[in-house]
Amino acid sequence: MAKLVIDNVDLFYHRVQALRGLTLEVNEGEIVALLGNNGAGKTSTLSMLSGLYRPKSGTVTWGDRDLTTMQPWDIVEAKLLHVPEGRRIFSTMTVHENLQLGGYLVDDQKLVDERIERAYELMPRLRERRNQEGGTLSGGEQQMAAIGRALVGGPKLLLLDEPSMGLAPLIVKQVMEIIKEVQAQGTTVLLVEQNARAALRIADRGYVIESGTVTMEGAASDLRTNSKVIDAYLGA
Ligand SMILES: Nc1ncnc2c1ncn2[C@@H]1O[C@H](COP(=O)(O)OP(=O)(O)OP(=O)(O)O)[C@@H](O)[C@H]1O
Ligand SMILES: [Mg+2]
C-alpha cells in the first residue's frame with residue numbers, strides 16, 4: 001500500500017519560509033482535503049510533492065519512494081500527477097488534443113484511447129466539446145479538461161489545486177462529484193481547496209494549514225461540525 005507521508009517538513013523560498021514542520025498523511029484510496037487561506041502553503045505543499053521544490057528538512061515518502069530525491073519527471077512516471085492551480089490547459093489545442101497530451105508518457109496508444117473514452121464517460125461535457133479549443137471553454141469545462149488530461153496519465157495519486165476556484169456553486173458540485181468518482185475508480189486524491197464546504201463534503205479526512213503548519217485535522221465529518229472550522233472556514 002502506497003501511503004504518502006509528509007513528516008516535519010520545512011520549505012523555504014530563499015528566506016521566505018512557506019512550510020513549517022508540516023506533517024500529514026494520505027492513505028491509499030482516500031480523498032484528503034488540504035484546507036487553508038491565501039498564502040497558507042497549500043500550493044507549496046503540492047509543488048514540493050511534485051519535486052519542483054525541495055524541503056530544507058523533514059521527509060516525504062510515498063510507499064517506499066523518497067520523493068525528496070526524485071526528479072519531477074520521475075515522480076510523474078511513478079503516477080503522482082498534479083493538476084495545477086489555474087488549470088493550465090493548452091488554449092490553442094482542442095479538448096481532445098489536451099486529453100491526448102495526458103498520455104504522452106503512456107506507450108500503449110490503445111490504453112490512452114481507453115482512458116480518453118473513460119474521461120468522456122465521466123465528463124460527457126468534454127465529449128460534446130472535444131473539438132473546441134481549450135481557451136474558449138468555460139471555467140468549469142477547463143477544470144474538467146485539466147482533470148481529464150491527468151486521468152489519461154493513469155494517476156495513482158492525484159494532486160488537485162483548488163479545482164473549485166472561480167466556478168459557480170452548481171459547477172463546483174459537479175466537479176466534486178467527478179472527483180468522488182475518480183476516487184471510486186481507484187485513484188487516491190489530495191484535494192487542495194479554499195472552499196472547505198465543498199471539499200469536506202467529498203473528503204474522507206482533512207487538514208487545515210495556517211502559515212505552513214497543520215492547525216487542525218480529522219475526519220471530514222468531524223471537521224464539518226467543528227466550531228473552529230465553521231467560524232474560520234465555513235462561514236455562517
Ligand atoms: N515562488 C515563490 N517565491 C517566493 N515565495 C513564494 C513562492 N511561492 C509561494 N511563496 C510564498 O509562500 C507562501 C505560501 O504560498 P502558497 O502559494 O503555497 O499558498 P497557498 O496556500 O497556495 O495560497 P492561495 O490559496 O492563495 O493559492 C506565501 O507567503 C507565498 O507568498
Ligand atoms: Mg495556492
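The values are calculated or read from the model by the stated rules, or taken from the named source; none is laboratory data. Just so we're clear, the structure is a prediction, and the values are computed from it rather than from any experiment. Ideal geometry is used to build each Cβ from the backbone, glycine not excepted, and the neighbour counts take in all protein chains shown.
Return the only residue of ARG125, ARG149 being out of contact with any strand residue (DSSP E or B) (no Cβ under 9 Å at 6 or more places or on another chain), under 22 Å from ILE179 (Cβ atoms), outside the structural domain of ALA184 (by TED's automatic domain parsing) and assigned to a helix (DSSP H, G or I). Exactly one residue qualifies, and that residue is ARG125.
For LYS42, are the conditions met, namely being in contact (Cβ under 8 Å) with a residue 60 or more places away in the chain, touching a Lys or Arg at 6+ places or on another chain (Cβ under 9 Å) and either surrounded by 15 or more Cβ atoms within 10 Å (Cβ to Cβ) or farther than 26 Å from ALA219 by Cβ (or both)? So LYS42 does not fit the description; no. Applying the set (1) in contact (Cβ under 8 Å) with a residue 60 or more places away in the chain; (2) in a helix (DSSP H, G or I); (3) more than 23 Å from LEU22 (Cα to Cα) to ALA199 leaves exactly one unmet item: (3).
Contact map, segment 6-20: residues that are modelled with pLDDT of 95 or more and near ligand 1 (Cβ under 7 Å from one of its atoms) paired with residues that are polar (S, T, N, Q) and not in a loop (DSSP other than H, G, I, E, B), Cβ distance under 6 Å, separation 6+ or inter-chain. Pairs shown: ALA18/SER44. For segment 152-170, the set of residues classified as in a helix (DSSP H, G or I) and either in the same structural domain as ASP107 (by TED's automatic domain parsing) or in contact (Cβ under 8 Å) with a residue 12 or more places away in the chain (or both) consists of VAL152 only.
Within segment 64-94, restricting attention to residues that are away from ligand 2 (no atom under 16 Å from the Cβ) and within 16 Å of the chain's Cα centre (by Cα), which residue is modelled with the lowest pLDDT? Give the derivation first.
First, the residues of segment 64-94 that are away from ligand 2 (no atom under 16 Å from the Cβ): 64-81, 89-94.
Applying the additional criterion that residues be within 16 Å of the chain's Cα centre (by Cα) yields 72, 75-76, 78-81, 89.
Working: PRO72: 97, ILE75: 97, VAL76: 96, ALA78: 96, LYS79: 97, LEU80: 98, LEU81: 97, ILE89: 91.
Selected residue: ILE89.
More than 16 Å from ligand 2 (Cβ to nearest atom), assigned by TED's automatic domain parsing to the domain that holds VAL192 and of a type outside the set (Val, Ile, Thr): which single residue out of GLY21, GLY36 fits that description? Can you show your working first?
Values: GLY36 fails: more than 16 Å from ligand 2 (Cβ to nearest atom).
Result of the check over GLY21, GLY36: GLY21.
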